[in-house]
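For reference, the structure discussed in these notes is given below.
The values are calculated or read from the model by the stated rules, or taken from the named source; none is laboratory data. What you are looking at is a predicted structure, and each value in this text was computed from that prediction instead of being measured. Here the Cβ is made from the backbone with ideal geometry for all residues, glycine too, and neighbour counts use every protein chain on show.
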Amino acid sequence: MEILYNVTMKITDVECHILLVHDLNKEATSSAQDDIVVFVHTDEGIVGVGETDVSPWVAKACIEAPGTHTMGLGLKEMLFGEDPRDTERLWEKLYTGSAMNGRRGALICALGALDMALWDIKGKAAGKPCWQLLGGKVKDRIVPYASLQPSGKSLAEYRDSLVAWAARAKEAGFRAAKVEVTLSGPYRHCGLNEPDEKMTEVVAAVRKSVGRDFVLIVDVQYTWSDAETAYRTLRDWKEFDIYFVETPLDIDNLREYARLHRMAPMAIAAGEWQTTRFEFIDLMDAGQIDVAQPDVGRVGGLTEALRVCALAAERGRRIVPHCWKTGISVAATAHLSAVTPHCPYFEYLPPRLCDSSLRRELVDEGLEFKDGTMALPRKPGLGVEVNPEALRRFKVG
Ligand SMILES: [Mg+2]
């Protein structure tokens, strides 16, 4: 039964929490070691929760900084007194009102956390899971892919850790997995610096261990700077049947992305860092990427992620969302996937398999992973429960 609240509802407060794991390792490539969690309060007593994948200190400043002029307003102060259910109008208000400080980058990531919390409130107020309000389901089950990160200090350890992870993912029921294979470049693992042929050895070993009947994705994390250099390695991966290769090139070189799209024997994906639909239009039109990977928080929340999905559909591109934070983002991504027909997979790792204690302990994401798929979330809103004791334990600001 639908619960009817007052015709009006007002935002009364926005709370920001900066969280950090106790065993922080700055050498690690994982951004799941910190978090900003926002709570948006209303006069109805309904509280919405959101988060985003950017420096929590920067995001908090973006939200709490006071405004000084008409297009340099503060995100938090712009929300006071507004009805949280007016998600589209509020998105435009926040975007336009902060334009001189924002438009792209960290401010949009911060806006995304707030938008996520507004959708949580909207769902809770209606007594419905968010996907019902985002457009309704287009599938009965959603399919996560296992996102696997290597460990080890030598190439052999690195390769063997990925082979072991992939086997574990398959055993856990996953039908698809992504492995990071980054042996050089700015995102390389633990100081490794190996020639590109060694990447092929790693991919070959993982494919051999999981067999042919398994979807394999490779993330090379901005390793190359031009299409020819990327192609020299990627052409050898045709036999490994790679579902897509993620961020092969420097992200600002869209001309080279378009050239690689024409040369590579597999689909090209990017989008984990992009903020707003406008950056995705550039990625898809100038960069010709085949698979768009919006991160719900970073891109500007569920409101903006939906627009990106619509733009991808118009262009015949697939959506495979990025998600590397706590169960709050996981839930938001699950709702997005449920309403997006051209989203075959989304990034996921069950909490018990995650390195980050924040990811394991902060949130009950309310999702049930079984036989490689998940049922749609059933609880109102995002459907997540934040553990208040864990919130206190990880809080540093
Ligand atoms: Mg990536």
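Restricting attention to region 163-188, the residues that are hydrophobic (A, V, I, L, M, F, W, C) and within 17 Å of VAL220 (Cβ to Cβ) add up to 6.
Considering region 111-139, and only residues there that are in contact with a Ser or Thr (Cβ under 9 Å, 6 or more places away or on another chain) and over 15 Å from ALA332 (Cα atoms), the residue that is surrounded by the most Cβ atoms within 10 Å (Cβ to Cβ) turns out to be ALA125.
Scanning region 140-160 for residues that are touching a strand residue (DSSP E or B) at 6+ places or on another chain (Cβ under 9 Å) and crowded, with 16+ Cβ neighbours inside 10 Å yields ILE142, VAL143, PRO144, TYR145, ALA146, SER147, LEU148, GLN149, PRO150.
Whenever a residue of region 224-239 is in the same structural domain as PRO186 (by TED's automatic domain parsing) and within 14 Å of ARG262 (Cα to Cα), its partners that are assigned to a helix (DSSP H, G or I) and of a type in the set (Lys, Arg), lying with C-beta atoms within less than 9 angstrom and at least six residues away or across chains, give the pairs ASP226/ARG259; ALA227/ARG255; ALA227/ARG259; ALA227/ARG262; GLU228/ARG259; TYR231/ARG259. Would it be correct to say that ILE268 is surrounded by 21 or more Cβ atoms within 10 Å (Cβ to Cβ), in contact (Cβ under 8 Å) with a residue 24 or more places away in the chain and within 16 Å of the ligand (Cβ to nearest atom)? Yes; evaluated as a whole, the condition is true for this residue. One residue stands out among those in region 205-223 that are polar (S, T, N, Q) and under 27 Å from TYR257 (Cα atoms): the one that is nearest to the ligand (Cβ to nearest atom), which is GLN221. For the residues ALA32, ALA65, the requirement of being farther than 17 Å from VAL363 by Cβ and among the aliphatic types (A, V, I, L, M) singles out ALA65.
In region 299-311, is there at least one residue being surrounded by 24 or more Cβ atoms within 10 Å (Cβ to Cβ) and within 15 Å of the ligand (Cβ to nearest atom)? Within region 299-311 (the criterion being surrounded by 24 or more Cβ atoms within 10 Å (Cβ to Cβ) and within 15 Å of the ligand (Cβ to nearest atom)), the answer is yes, since at least one residue qualifies. Could you check, for region 174-182, whether at least one of its residues is surrounded by 15 or more Cβ atoms within 10 Å (Cβ to Cβ), away from the ligand (no atom under 16 Å from the Cβ) and touching a residue at least 40 places away in the same chain (Cβ under 8 Å)? For region 174-182, residues surrounded by 15 or more Cβ atoms within 10 Å (Cβ to Cβ), away from the ligand (no atom under 16 Å from the Cβ) and touching a residue at least 40 places away in the same chain (Cβ under 8 Å): present.
Only one of the listed residues (ALA258, ALA313, ALA286) is of a type outside the set (S, T, N, Q) and under 27 Å from ARG175 (Cα atoms). That residue is ALA313.
A count restricted to region 342-397 and to residues that are aliphatic (A, V, I, L, M), at pLDDT below 95 and part of a loop (DSSP other than H, G, I, E, B) stands at 2. Checking ALA258, ALA312 one by one, the residue that is aliphatic (A, V, I, L, M) and over 16 Å from PHE346 (Cα atoms) is ALA258 and no other. For region 224-265, the tally of residues that are closer than 20 Å to ARG159 by Cβ and within 13 Å of the ligand (Cβ to nearest atom) stands at 3. Scan region 352-378 residue by residue and report those that are farther than 15 Å from ILE142 by Cβ, of a type in the set (Lys, Arg) and either touching a residue at least 40 places away in the same chain (Cβ under 8 Å) or in contact with a strand residue (DSSP E or B) (Cβ under 6 Å, 6 or more places away or on another chain) (or both). Within region 352-378, just ARG359 meets the criteria. Within region 303-310, not a single residue is in a loop (DSSP other than H, G, I, E, B), in contact (Cβ under 8 Å) with a residue 40 or more places away in the chain and either more than 22 Å from GLN221 (Cβ to Cβ) or not β-branched (Val, Ile, Thr) (or both). Within the bounds of region 28-51, is there any residue that is in a loop (DSSP other than H, G, I, E, B), in contact (Cβ under 8 Å) with a residue 40 or more places away in the chain and surrounded by 19 or more Cβ atoms within 10 Å (Cβ to Cβ)? Looking for residues that are in a loop (DSSP other than H, G, I, E, B), in contact (Cβ under 8 Å) with a residue 40 or more places away in the chain and surrounded by 19 or more Cβ atoms within 10 Å (Cβ to Cβ), one finds at least one in region 28-51, hence yes.
Which of the following residues is surrounded by fewer than 19 Cβ atoms within 10 Å (Cβ to Cβ), assigned to a loop (DSSP other than H, G, I, E, B), at negative phi and touching a residue at least 40 places away in the same chain (Cβ under 8 Å): HIS22, HIS69?
None of the others qualify; the one that does is HIS22.
Does region 271-285 include one or more residues that are within 15 Å of the ligand (Cβ to nearest atom), under 15 Å from the mean Cα position of the chain (by Cα), without any contact (Cβ under 8 Å) to a residue 40 or more places away in the chain and not in a helix (DSSP H, G or I)? Taking every residue of region 271-285 in turn, at least one turns out to be within 15 Å of the ligand (Cβ to nearest atom), under 15 Å from the mean Cα position of the chain (by Cα), without any contact (Cβ under 8 Å) to a residue 40 or more places away in the chain and not in a helix (DSSP H, G or I). Within region 379-392, the residues that satisfy the criterion of being in contact (Cβ under 8 Å) with a residue 24 or more places away in the chain and surrounded by fewer than 17 Cβ atoms within 10 Å (Cβ to Cβ) are LYS379, ASN387.
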